[in-house]
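What follows is a short report on a single structure.
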Amino acid sequence: MAESPKMPEPTTSLSDVEYHLTYLKLAFIAAQYAELAKHAAHKAWSHVDYLASLVEGEADLRRDRATQSRIRLARFPVIKTLEQFRWDWPTRINRLQVQNHFHLEFINDKANLTGGHCHEQGKTHLATALGYAACLKGHSVLFASAIDVINTLAAAKSAGRLKAALKQYTKPALLILDELGYLPIDKAGADLLFQVISLRYEQGAIIITSNRAFKEWPKIFNQDSTLTAAILDRLLHHADTVIIEGKSFRMKDQIES
């Protein structure tokens with residue numbers, strides 16, 4: 001009877017394996033393959049089970065890194081969550097409406113959320129929490145105050161880089177424009193903000209927080225009713241408005257003491 005051909009002896013050393021894993025940027029596998037091999041041998045895992053465990057760990061690590069990258073790129077001033085929100089503080093808020101938006105369907109629908117006629121009752125908290133939840137679910141997010149957006153675009157326009165600068169506000173799946181109406185906006189600034197909103201219209205979701213009712217928005221935009229109407233037309237076509245009323249949320253500690 002002919003002898004079965006012998007399998008060739010492996011010629012790759014552990015150092016070669018680690019070199020290749022580093023080159024391929026497989027960080028989890030590089031760190032865990034040796035220890036997991038001992039565990040697999042002890043538990044009598046199949047080769048496929050061993051490989052599956054390594055691949056799953058690598059995938060989990062990459063997902064975690066991607067999530068942290070999205071959170072970092074979102075530029076949240078602080079991280080806020082829905083669980084931290086004080087539901088007992090506002091005198092008026094539709095809790096079910098707010099909680100429903102945390103399913104994030106409005107992002108998939110490329111729709112908008114606005115906060116109307118509310119004064120410091122946690123609207124920025126909820127906007128940030130929605131953005132954070134979106135990052136965890138794989139959506140790209142950017143948080144910025146309305147004035148910062150205008151100042152950034154104005155500087156870019158002066159430098160001849162407006163088109164490139166606009167992309168940072170049109171590319172994310174969700175753009176959060178915070179504190180619209182706290183400071184007056186001149187015609188040039190209003191035009192720039194209109195460009196952002198117009199370019200994102202039906203292309204990406206927007207959350208806008210404001211301390212003014214919609215009827216007061218012409219005061220924000222230098223009494224330009226035509227431009228205000230054009231902005232509201234695009235914002236409210238696919239939008240839901242969250243109303244929050246009550247005493248200042250930021251002053252609650254002083255009021256409660």
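The values are calculated or read from the model by the stated rules, or taken from the named source; none is laboratory data. Bear in mind the structure is a predicted one, so any value in this text is a computation, not a measurement. Cβ placement follows ideal geometry from the backbone for every residue including glycine, while neighbour counts extend to all protein chains displayed. To get the accessible areas, we keep the full protein, side chains included, count just its heavy atoms, and leave off ligands, DNA and RNA. Shrake-Rupley method; radii C 1.70, N 1.55, O 1.52, S 1.80 Å.
One residue is enough: does the stretch 213-228 have a residue meeting the conditions crowded, with 17+ Cβ neighbours inside 10 Å, touching a residue at least 12 places away in the same chain (Cβ under 8 Å), in contact with an Asp or Glu (Cβ under 6 Å, 6 or more places away or on another chain) and not polar (S, T, N, Q)?
Within the stretch 213-228, none of the residues are crowded, with 17+ Cβ neighbours inside 10 Å, touching a residue at least 12 places away in the same chain (Cβ under 8 Å), in contact with an Asp or Glu (Cβ under 6 Å, 6 or more places away or on another chain) and not polar (S, T, N, Q).
On the given criteria, is residue 170 touching a Phe, Trp or Tyr at 6+ places or on another chain (Cβ under 7 Å) and modelled with pLDDT of 95 or more?
no
So which residues in the stretch 90-105 are out of contact with any Gly (no Cβ under 6 Å at 6 or more places or on another chain), in contact (Cβ under 8 Å) with a residue 12 or more places away in the chain and not basic (Lys, Arg)? First the steps, then the outcome.
Keep residues of the stretch 90-105 that are out of contact with any Gly (no Cβ under 6 Å at 6 or more places or on another chain), which gives 92-105.
Subset that is in contact (Cβ under 8 Å) with a residue 12 or more places away in the chain: 92-94, 97-99, 101-102, 104.
Of everything in the stretch 90-105, those that are out of contact with any Gly (no Cβ under 6 Å at 6 or more places or on another chain), in contact (Cβ under 8 Å) with a residue 12 or more places away in the chain and not basic (Lys, Arg) turn out to be 93, 94, 97, 98, 99, 101, 102, 104.
Take the stretch 32-50 and flag every residue that is loosely packed, with under 15 Cβ neighbours inside 10 Å and either touching a residue at least 60 places away in the same chain (Cβ under 8 Å) or part of a helix (DSSP H, G or I) (or both).
34, 35, 37, 38, 39, 41, 42, 47, 48, 49
From the set of residues in the stretch 128-151 that are outside any helix (DSSP H, G or I) and open to solvent by 40 Å² or more (accessible area, probe 1.4 Å), which is nearest to residue 188 (Cα to Cα)?
The selected residue is 140.
Name the residues in the stretch 65-94 that are loosely packed, with under 13 Cβ neighbours inside 10 Å, in contact with a His (Cβ under 9 Å, 6 or more places away or on another chain) and not in a loop (DSSP other than H, G, I, E, B), would you?
Matches in the stretch 65-94: 84 only.
Determine whether the stretch 152-159 contains at least one residue that is part of a helix (DSSP H, G or I), at pLDDT below 95 and open to solvent by 60 Å² or more (accessible area, probe 1.4 Å).
Taking the stretch 152-159 and keeping what is part of a helix (DSSP H, G or I), we get 152-158.
Next, from what is left, pick out any that are at pLDDT below 95: none.
Within the stretch 152-159, not a single residue is part of a helix (DSSP H, G or I), at pLDDT below 95 and open to solvent by 60 Å² or more (accessible area, probe 1.4 Å).
Quick test of your reading of the structure: residue 110 fulfils all but one of (1) of a type outside the set (A, V, I, L, M); (2) in a helix (DSSP H, G or I); (3) open to solvent by 20 Å² or more (accessible area, probe 1.4 Å); (4) touching an Asp or Glu at 6+ places or on another chain (Cβ under 9 Å). Name the failing condition by number.
(2)
With farther than 30 Å from residue 98 by Cα, modelled with pLDDT of 95 or more and surrounded by 11 or more Cβ atoms within 10 Å (Cβ to Cβ) as the only criterion, which of 56, 18 stands out?
Details: 18 fails: modelled with pLDDT of 95 or more.
None of the other options fit; the residue is 56.
Just checking, does the stretch 173-180 include any residue being open to solvent by 20 Å² or more (accessible area, probe 1.4 Å) and either over 25 Å from residue 198 (Cα atoms) or modelled with pLDDT of 95 or more (or both)?
Going through the stretch 173-180, the residues open to solvent by 20 Å² or more (accessible area, probe 1.4 Å) turn out to be 173, 179.
Then keep just the ones that are either over 25 Å from residue 198 (Cα atoms) or modelled with pLDDT of 95 or more (or both); that gives 173.
Looking through the stretch 173-180, at least one residue is open to solvent by 20 Å² or more (accessible area, probe 1.4 Å) and either over 25 Å from residue 198 (Cα atoms) or modelled with pLDDT of 95 or more (or both).
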